[in-house]
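Below: the structure, in structure tokens.
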Amino acid sequence: MTVVTDEELPLAAEFPEATREEWQRLVAGVLRKAGRGEFAGRAAEDALATRLEDGLSTRPLYTAEDGAEDGARDPGFPGFPPFLRGGRPAGTALSGWDVRQRHAHPDPALANEAVLADLEGGATSVWLTAGPSGVPVPGLARALDGVLLDLAPVVLDAGTESEAAAEALLALFAERGVAPREALGHLGADPLGLLARTGDAEGLAERTAAATALAARCERDHPLLTSLTVDALPYHEAGGSAAQELGCSLATGVAYLRELTAAGLSAEAACGQLEFRYAATADQFLTIAKLRAARRLWARVAEVCGVAPQARAQRQHAVTSPVMMTRRDPWVNMLRTTVACLAAGTGGADAVTVLPFDHELGLPDAFARRVARNTSAVLIAESHLARVIDPAGGSWYVERLTHDLSQAAWAWFQEIEGAGGQAAALGSGLVADRLAGTWERRSARLATRREPVTGVSEFPDPDQAPVVREPAPEPPGGGLPRVRRDEAYEALRARTDAHLAATGARPRVFLAALGTAAAHTARATFAANLFRAAGIEPVHEPVTVDAGSAAAALAASGAAVACLCSSDARYAEEAEAVAAALKAGGASLVFLAGRPGEAREAYRRAGVDEFLFAGGDAVAVLTSVLDHVGVA
């Protein structure tokens, strides 16, 4: 067999070697022709950068020099400090990640049915919500009936009843003959996470002492069982950024290390009792970078604490983001969770939970749970994603994003520590205020559709039959808020749904098209999608009108709101006359789809009340329409 080396087969040999400077000059030329201005050198790249949260940005081009600048560190090897490339040398290549499915049905028998179905269908561990928000603690044994506890790890999440749930699980191990040194799972105590969820600081000291005692017991008697969760989901679900999620998790982990070592555990043993939980979103590269950065940052914390190198690896549980899940058109959630699962696996998470597509609607049904667990199965067994150790390694984009995110997260972690630690930062409102500021900025992007939500703010279908599920138990509340990307549009849709139920019809808008289909189709489609995001129904298809026919067409539509749709050239010829005719014909509100430019005041004098354009505040516009037409 003949082996062809890279030197014998240079794939780009017939092309001259390109330099970054040449690429920058070409970009500068394109920007100049597009009217963006004059740029030179790195400024040309910066003009195409995408701004992210936490002061980060992504550039259009990355090379090896981007990974080396500003002190970016050597990523090392998988399974070795700083664990950026994975917590284990083989990554997930041996058997894939732990497919961990969540269960919270309050009926132990029905929870057991779902648990067994998931395990038989490919799940490898059980994440069981117990206590007030899930299976009653006395029903744990029934919920886990038939589960082989020495093969399928059980992960508890019991909130205020963590100690009782842990004792119940330990008793179940003994009852079923599972030797203490063979018991698998995670007991899920998280006093600071519960503080973030509930705001209840009164019992924090007692809960922390109980969790510490539980950790010492696991270390002494149950070497395969761990005890404390560092849950970053409360900060993600309150609107926090990736860096804020990481910084809060580091501060929480450090607080637990202090408590555990003060109770007599070694630093290595204390690290071994912790499992970190992070959100995986449909922003796949940011999720990959976040999980990589989390391992690097925790390795640095453990190093400073004197932990031996191989004990510094962070155990990670990634959960597809509840914030990105939508209640309208929930089928699209399957796509979101697939991308998030891919990112979590590629990012090196040890365990991945894919939330069912109907998660936000109540208790998931069997089909939704099957799709959720099969998402991991397809990526592992059919796409072979887990066969590659650190698939993102060597991407200068990912390496640079990981480095920048690490820097931002470390700065936030230091600020929390400077404020007295995670408990103090939660108690003083520092964490809540900072997360609220981040969510306010993100809400503006959602309102202007610069961050689109498919099926909600983009391509909505108000007539789609709702997906109805049995209500889920209420999660703990009273602390940090729980936000959702769809919340502003959901409030608008709720108003129009109520209007439909009360009157038998949705609010309507008349699309007044000017000129040919080629002139008006693009803006008519844009306007129709925008109005449908609030459940406002465009009347049939756009109707081509002129100044003479506009009033009659409006009357025939039965709508009191109209929107002009056409090209700028056609607007210059007809918009003023048609707007005046619509107002004279009884339109109480007239929109024009497009940016008016210098003609704004002329259009307003003719009767145009507002303008619709990409980047405008869609939520504010739609709210004003519903207020105007009297939708309660």
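Details
- Residue match in the stretch 318-326 (condition: under 19 Å from residue 482 (Cβ atoms), in a helix (DSSP H, G or I) and of a type in the set (S, T, N, Q)): no
- Number of positions in the stretch 598-623 that are at pLDDT below 95 and polar (S, T, N, Q): 0
- Of all the listed residues (190, 200), the sole one being under 25 Å from residue 315 (Cα atoms) and among the charged types (D, E, K, R) is 190.
Yes/no matrix, rows are residues, columns are (1) more than 21 Å from residue 231 (Cα to Cα); (2) of a type outside the set (Val, Ile, Thr); (3) surrounded by fewer than 19 Cβ atoms within 10 Å (Cβ to Cβ); (4) in contact (Cβ under 8 Å) with a residue 40 or more places away in the chain:
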position: 304; (1), (2), (3), (4): yes, no, yes, no
position: 313; (1), (2), (3), (4): no, yes, no, yes
position: 320; (1), (2), (3), (4): no, no, no, yes
position: 324; (1), (2), (3), (4): no, yes, no, yes
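- Residues being open to solvent by less than 60 Å² (accessible area, probe 1.4 Å) and over 26 Å from residue 289 (Cβ atoms) - total across the stretch 40-53: 1
Results for (1) modelled with pLDDT under 90; (2) out of contact with any strand residue (DSSP E or B) (no Cβ under 7 Å at 6 or more places or on another chain); (3) part of a loop (DSSP other than H, G, I, E, B); (4) not hydroxyl-bearing (Ser, Thr, Tyr), shown as yes or no for each residue.
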position	(1), (2), (3), (4)
66	yes, yes, no, yes
70	yes, yes, no, yes
73	yes, yes, yes, yes
76	yes, yes, yes, yes
82	no, yes, yes, yes
94	yes, yes, yes, yes
100	no, no, no, yes
109	no, yes, no, yes
128	no, no, no, yes
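- Restricting attention to the stretch 544-562, the residues that are under 13 Å from residue 513 (Cβ atoms) and modelled with pLDDT under 90 add up to 3.
- Meets criteria (surrounded by fewer than 19 Cβ atoms within 10 Å (Cβ to Cβ), of a type in the set (Lys, Arg) and more than 30 Å from residue 233 (Cβ to Cβ)) for residue 508: yes
- Test: residue in the stretch 335-355 that is closer than 23 Å to residue 219 by Cβ, over 25 Å from the mean Cα position of the chain (by Cα), assigned to a loop (DSSP other than H, G, I, E, B) and at pLDDT 95 or above: no
- Some residue of the stretch 532-540 being in a loop (DSSP other than H, G, I, E, B) and within 22 Å of residue 358 (Cβ to Cβ): yes
- Positions within the stretch 578-600 being loosely packed, with under 14 Cβ neighbours inside 10 Å and either over 41 Å from the mean Cα position of the chain (by Cα) or among the aliphatic types (A, V, I, L, M) (or both), in sequence order: 584, 586
To keep it simple, each residue is scored yes or no on (1) in contact with an Asp or Glu (Cβ under 9 Å, 6 or more places away or on another chain); (2) surrounded by fewer than 24 Cβ atoms within 10 Å (Cβ to Cβ); (3) part of a loop (DSSP other than H, G, I, E, B); (4) modelled with pLDDT under 95.
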{"residue": "243", "(1), (2), (3), (4)": "yes, no, no, no"}
{"residue": "247", "(1), (2), (3), (4)": "yes, no, no, no"}
{"residue": "253", "(1), (2), (3), (4)": "no, no, no, no"}
{"residue": "258", "(1), (2), (3), (4)": "no, yes, no, no"}
{"residue": "265", "(1), (2), (3), (4)": "yes, yes, yes, no"}
{"residue": "277", "(1), (2), (3), (4)": "yes, no, no, no"}
{"residue": "285", "(1), (2), (3), (4)": "no, yes, no, no"}
{"residue": "292", "(1), (2), (3), (4)": "yes, no, no, no"}
{"residue": "298", "(1), (2), (3), (4)": "no, no, no, no"}
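- Selection status of residue 519, touching a Phe, Trp or Tyr at 6+ places or on another chain (Cβ under 6 Å) and either surrounded by fewer than 16 Cβ atoms within 10 Å (Cβ to Cβ) or not acidic (Asp, Glu) (or both): no
- Criterion violated by residue 587 - all others in (1) touching a strand residue (DSSP E or B) at 6+ places or on another chain (Cβ under 6 Å); (2) under 28 Å from residue 502 (Cα atoms); (3) part of a helix (DSSP H, G or I); (4) not basic (Lys, Arg) satisfied: (3)
- Residue that is most open to solvent (accessible area, probe 1.4 Å) [pool: residues in the stretch 352-376 that are in contact (Cβ under 8 Å) with a residue 60 or more places away in the chain and farther than 17 Å from residue 322 by Cβ]: 370
- For residue 124, the criteria (1) under 16 Å from residue 184 (Cβ atoms); (2) touching a residue at least 40 places away in the same chain (Cβ under 8 Å) hold in every case but one, which is (2).
- Selected residue (criterion: nearest to the chain's Cα centre (by Cα)) from residues of the stretch 603-622 that are among the aliphatic types (A, V, I, L, M) and either over 22 Å from residue 560 (Cα atoms) or part of a loop (DSSP other than H, G, I, E, B) (or both): 614
- Verdict on residue 309 being within 27 Å of residue 185 (Cβ to Cβ), surrounded by fewer than 18 Cβ atoms within 10 Å (Cβ to Cβ) and in contact with an Asp or Glu (Cβ under 9 Å, 6 or more places away or on another chain): yes
The values are calculated or read from the model by the stated rules, or taken from the named source; none is laboratory data. Source: prediction; values computed, not measured. As a convention, Cβ positions derive from the backbone with ideal geometry for all residues, glycine included, and neighbour counts pool all protein chains shown. Heavy atoms of the whole protein, side chains included, go into the accessibility calculation; ligands, DNA and RNA do not. Shrake-Rupley method; radii C 1.70, N 1.55, O 1.52, S 1.80 Å.
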